[in-house]
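Each remark here refers to the structure printed beneath this line.
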Amino acid sequence: MLPTNFDFLTAERPDLGPALSRLREWIQNHKDWNVLDPRELARSLSDVDSYTLASALSLLVKSGVLRQVYVVVTPSGSLADGEYDDPRQIPERIPDRFNHYFDTLEAEIIPVLRPAGK
Amino acid sequence: MKKSDEKLLSLVDALCTIDQVKELLRLAKERNPKQVRITAETRKDLIQRNLRDALDSGGVGPDEVYDLIRDAEESGNQHIFYFRPRLKAVRDSMALETVGEGLWGKGWADKKKFPTANTPENGYDYADFRSPALKPNHWILKVYGQLMYEHYTGKDFKEDGMVYKEFEPEKLRVVLLARWNPPDLLEMRVQRDESRRRISAWLDKLWSMLGPSIKRSDFDPWNLKTARKRLIEEEDKYTGVYSFRDTRLLDPHSTRASFEANPTSGYLFASIEAKEAIRGLLEAESECTHLSVTWLPGKDGTPSAELRTLLGDREPNEVVIPSHCKSGDVDYVTDKLRFFNR
């Protein structure tokens, strides 16, 4: 499960308290998720202002709770296996979920967040 | 450091996981606490500093690194094609001695100096033929090869008003493996590659190198469709054994359905709707052509870590193991497929 122990940040940034609280709730309701896709979060937490949500996520990264990595979206819209610290590390061709290789130069690359240290 | 040791390090970097290298260093450290360091910030430090220093100081011997490479190149990061002998007579002629004699003649064990670490400059050659430890009725035939191909450097240049792409020759090391897994399975293992044409050519090459002893026409592909179906149907009974992520189905009217689990959770049946749809299609006589299965770590240490496999890919007897793993882990998957394919 993704970490939810970020109460200490609410004291540091009370303005982000409600957003962090919604994030914690959301993670607790999605125990089988192992990475956070900010696009999915923005859709699910439509009651949280997108700027505030982005600030809360950024705070979680800066404080070392989460780590940002990059993943490639396959032609069918899933995320390909493999995470990269830097988009420049992404190979020119990688396999999709069914082992069919595709050209990453044409593919969408998105940042996702995973627990720091994993 | 010797040139041969540099080659070893580059093979370790290309083939071995961090855990495999750490395990080697851990065992070496028990013998030589002062000469071996394990902790490293990065993979590069672990291999290029810790393992290099251990090799230089004699804390780790080159033979140990060869063994590590052998384990790594033989298990995982492969396409495995399963075949079964058509006749009992063929099955009975699969003993190591008989196959070796068919390949190299009588007294082959003295003539062939296996294993060899040499990769041919161009083409393919036999690299090893042995029974794996504690499995006297099994055998492994290994082939090394090397291909030269043109690799785009990413640079362009202009000449006479024309733009040209710059290519440079690059060597591709190839490891092919045939494994007799008694009583009735021949595994043809081909390293993973983005080119399907190369994978087919390597499979043909492996058959042709076995040719003097084993005929392709004596074997049938082992279709894993029953296993794929049962793995889906009986998932509830084996929750601690495996889970799956993505699947493709083909209905009786040749309509294809593809299901890919929510990208961030990775468990397909987390969606009740998807579960019902897939089971409904199977009940309506659809065939599961692809199934991405994650085998969960066992209490007895096998598999040693989560092991992702794709059952299906292009051929019904094909399994893709995308990452390197331990040899026992591949055997575990084969045993499970034997169980579920009944």
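The values are calculated or read from the model by the stated rules, or taken from the named source; none is laboratory data. A quick note: this is a predicted structure, and the numbers were derived from the prediction, not measured. FYI the Cβ positions are ideal-geometry reconstructions off the backbone, even for glycines, and counts take in every protein chain you see.
In table form, for the structure just shown:
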| read-out | value |
| --- | --- |
| From the options A:48, A:72, residue that is surrounded by 14 or more Cβ atoms within 10 Å (Cβ to Cβ), within 13 Å of chain B (Cβ to nearest Cβ) and free of Cβ contacts under 8 Å to residues at least 60 places away in the same chain | A:72 |
| Search result, residues across segment B:170-190 that are of a type outside the set (D, E, K, R) and over 28 Å from residue B:149 (Cα atoms) | B:180, B:181, B:182, B:183, B:185, B:186 |
| Residue A:26 vs. criteria within 14 Å of another protein chain (Cβ to nearest Cβ) and either within 28 Å of residue B:151 (Cα to Cα) or not in a helix (DSSP H, G or I) (or both) | no |
| Any hit, segment B:250-269, residues being under 29 Å from residue B:186 (Cβ atoms), polar (S, T, N, Q) and within 26 Å of the chain's Cα centre (by Cα) | no |
| Output for segment B:304-313, where each listed residue is farther than 13 Å from residue B:80 by Cβ, within 13 Å of chain A (Cβ to nearest Cβ) and part of a loop (DSSP other than H, G, I, E, B) | B:306 |
| Segment B:44-68, residues that are surrounded by fewer than 18 Cβ atoms within 10 Å (Cβ to Cβ) and either hydrophobic (A, V, I, L, M, F, W, C) or within 20 Å of residue B:135 (Cα to Cα) (or both) | B:67 |
| In segment A:75-101, residue nearest to the chain's Cα centre (by Cα) [restricted to those that are at the interface with chain B (Cβ under 8 Å from one of its Cβ atoms) and in contact (Cβ under 8 Å) with a residue 12 or more places away in the chain] | A:79 |
| Test for residue B:239: is it within 14 Å of chain A (Cβ to nearest Cβ), β-branched (Val, Ile, Thr) and buried (at least 20 other Cβ atoms within 10 Å of the Cβ) | no |
| Filter result (crowded, with 21+ Cβ neighbours inside 10 Å and either within 13 Å of chain A (Cβ to nearest Cβ) or of a type in the set (Lys, Arg) (or both)) within segment B:271-288 | B:288 |
| Failed item in (1) among the hydrophobic types (A, V, I, L, M, F, W, C); (2) outside any strand (DSSP E or B); (3) more than 30 Å from residue B:89 (Cβ to Cβ), with residue B:203 passing the rest | (3) |
| Test: residue in segment B:323-333 that is under 15 Å from the mean Cα position of the chain (by Cα), modelled with pLDDT of 95 or more and not in a helix (DSSP H, G or I) | no |
| Output for segment A:102-118, where each listed residue is of a type in the set (A, V, I, L, M) and more than 12 Å from chain B (Cβ to nearest Cβ) | A:107, A:109, A:116 |
| Selected residue [within 12 Å of chain A (Cβ to nearest Cβ) and either touching a strand residue (DSSP E or B) at 6+ places or on another chain (Cβ under 9 Å) or not in a helix (DSSP H, G or I) (or both)] from B:187, B:194 | B:194 |
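Okay, residues lined up against (1) assigned to a helix (DSSP H, G or I); (2) surrounded by fewer than 17 Cβ atoms within 10 Å (Cβ to Cβ):
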residue: B:163; (1), (2): no, yes
residue: B:167; (1), (2): no, yes
residue: B:180; (1), (2): no, no
residue: B:199; (1), (2): yes, no
residue: B:208; (1), (2): yes, yes
residue: B:212; (1), (2): no, yes
residue: B:223; (1), (2): no, yes
